[in-house]
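Everything below concerns the one structure shown next.
Every number in this text was worked out from the coordinates using simple rules, so none of it is lab data. What you see is a predicted model; the values in this text were computed from it and never measured. So basically every Cβ, Gly included, is an ideal-geometry build from the backbone, and we count neighbours across all protein chains shown.
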Amino acid sequence: MKDDFSVTQPKGFIAGTATCGIRKSGEDLAIIFSERPAVAAAVFTRNIVQAAPIVVSREHLKYRTHRAIIVNSGCANACTGQGGLDDAIRTSSIVADYFNCDSREVLVASTGVIGVRLDMAKIESGIRSATAILSRDGGKRVAEAIMTTDTRPKRASRTVTIGGKKIVIAGVAKGSGMIHPNMATLLSFVTTDAAITKKALRLALKEAVKLSFNRVSVDGDTSTNDTLAVIANGAAENPAIHDINSKEFYSFTSGLTDVCRDLAIQVAKDGEGAGKLITIKVRHAPSELKAGKIAATIATSPLVKTAIAGQDANWGRILAAAGRSGVRFDVEKVDIRIGNLLVARQGAGIEFDEARALEILKQDEVVITFDMKQGEADVTEWTCDMTEGYIRINADYRS
């Protein structure tokens with residue numbers, strides 16, 4: 001049950017949440033703390049406009065150990081100048097004081113409205129409240145505390161065995177709009193009790209992101225605040241993973257990838273105003289790079305997304321989107337399927353069962369397969385349909 005998943009499932013982690021009043025309602029601050037020194041890795045937005053907490057966390061990642069992550073929702077602390085940067089630094093210092101650790105051991109993240117300074121009095125009050133109730137049970141509330149326009153919390157967990165020890169990898173995510181590689185626009189925090197070197201953790205995360213969050217798109221926009229951080233504290237007491245060519249590294253990376261992929265798909269399912277998850281499979285491409293470009297172009301096509309929302313098997317929009325991806329390919333070799341129904345063969349329309357197509361398109365999840373038959377590379381991308389609800393949400397919400 002996803003409801004039972006928690007960032008405090010792995011040994012040695014506790015968490016606390018608080019209501020600061022930064023978001024309009026509900027809890028809006030969360031702290032995740034490792035009871036023992038840990039190592040961390042993270043990836044951030046590639047948007048050149050980067051929020052203050054990203055600037056601070058990127059610098060803090062250079063430190064050798066890490067203990068805590070603090071995140072607030074309701075205010076992005078982005079485009080806030082030196083004052084916003086000072087606020088992010090002060091936030092990490094306040095948390096460090098509570099835990100008697102170095103401020104560089106604290107990673108900071110924010111999400112919400114851009115261009116507004118944090119109310120530091122509220123943040124400090126929230127930190128006091130959250131630290132007062134830190135516990136293993138507190139991890140279950142973190143997913144809710146980091147939400148903005150999300151309609152549901154997102155959690156995932158996997159267990160792997162390494163060196164005879166059970167390793168738990170657990171994560172949470174928020175995000176439903178401004179979702180597009182690289183990375184998908186969101187906040188995500190993953191904890192694990194695995195013993196692993198900082199370098200190996202960084203490489204494992206890089207591989208996991210490539211196959212998960214960098215394959216998700218909702219609306220083609222990237223945020224100022226995208227952050228995915230993973231923290232590993234070694235509490236499982238497995239032999240430390242350091243050899244990136246070892247089976248232990250492969251097992252850990254596979255588990256981390258599964259958690260990230262699960263969270264990424266949940267993000268796509270919860271796209272703003274979304275009614276359907278769309279899985280786009282580009283098959284038999286000349287290279288993974290070319291397959292990825294085609295999949296991403298189809299995933300971000302408003303015409304494709306609205307056709308799926310309207311339950312219209314408009315394969316021409318799919319082919320047209322692929323054609324503007326910048327990838328040269330032989331159109332006359334391409335087959336297109338919606339679900340298991342062939343709707344175009346060798347780049348041309350064919351007669352197909354419209355009633356069956358409608359039946360497929362009524363489902364909550366729709367699979368589009370773009371078979372190029374021009375190589376061996378396969379890529380899968382996730383997105384969602386685009387409805388009137390997306391426009392309504394973004395017209396009403398200042399981000």
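Extending 7 Å from Cα along the Cβ direction at residue 93 and again at residue 161 yields two label points whose distance is 5.0 nm.
For the peptides 26-38, 337-349, the ranking by packing is 26-38, 337-349, with the highest mean count of neighbouring Cβ atoms within 10 Å listed first. Note that segment 277-396 carries a Kirkwood radius of 14.3 Å, evaluated over its alpha carbons pair by pair.
Listed from fewest to most Cβ neighbours within 10 Å, the set 303, 228, 205 follows the order 303, 205, 228. Extension gain, residue 117 to residue 288, is 57.4 nm, computed as 0.36 nm per intervening residue step minus the present C-alpha separation. Amide H to amide H, with H built 1.01 Å from N, residue 344 comes under 5 Å of 336, counting only residues 5 or more places away or on other chains. Assuming a ≥ b ≥ c are the square roots of the Cα gyration tensor eigenvalues, decide whether segment 206-262 counts as rounded (a/c under 1.5), prolate (otherwise, with a/b larger than b/c) or oblate. Judged from the Cα gyration tensor, segment 206-262 comes out prolate (a/c at least 1.5, a/b above b/c). When DSSP beta bridges are restricted to pairs lying wholly in the chain, around 70% turn out antiparallel. Within segment 5-269, the ratio Rg/Rh, alpha carbon atoms throughout and Rh by Kirkwood, equals 0.94. When the helices of the chain are scored as -39500 (n - 2.57) per DSSP H run of n ≥ 4 and the total is divided over every residue, the value at 222 nm lands at -10000 deg cm²/dmol.
Histogrammed with a bin width of 5 Å, the alpha carbon distances of segment 42-183 distribute as 2, 9, 17, 21, 22, 17, 9, 3, 1, 0 percent, first bin at zero.
Volume of the convex hull of segment 262-307 (Cα atoms only), normalised per residue: 87 Å³. Across all directions, the average projected area of the convex hull around the alpha carbons of segment 290-340 is 3.6 nm².
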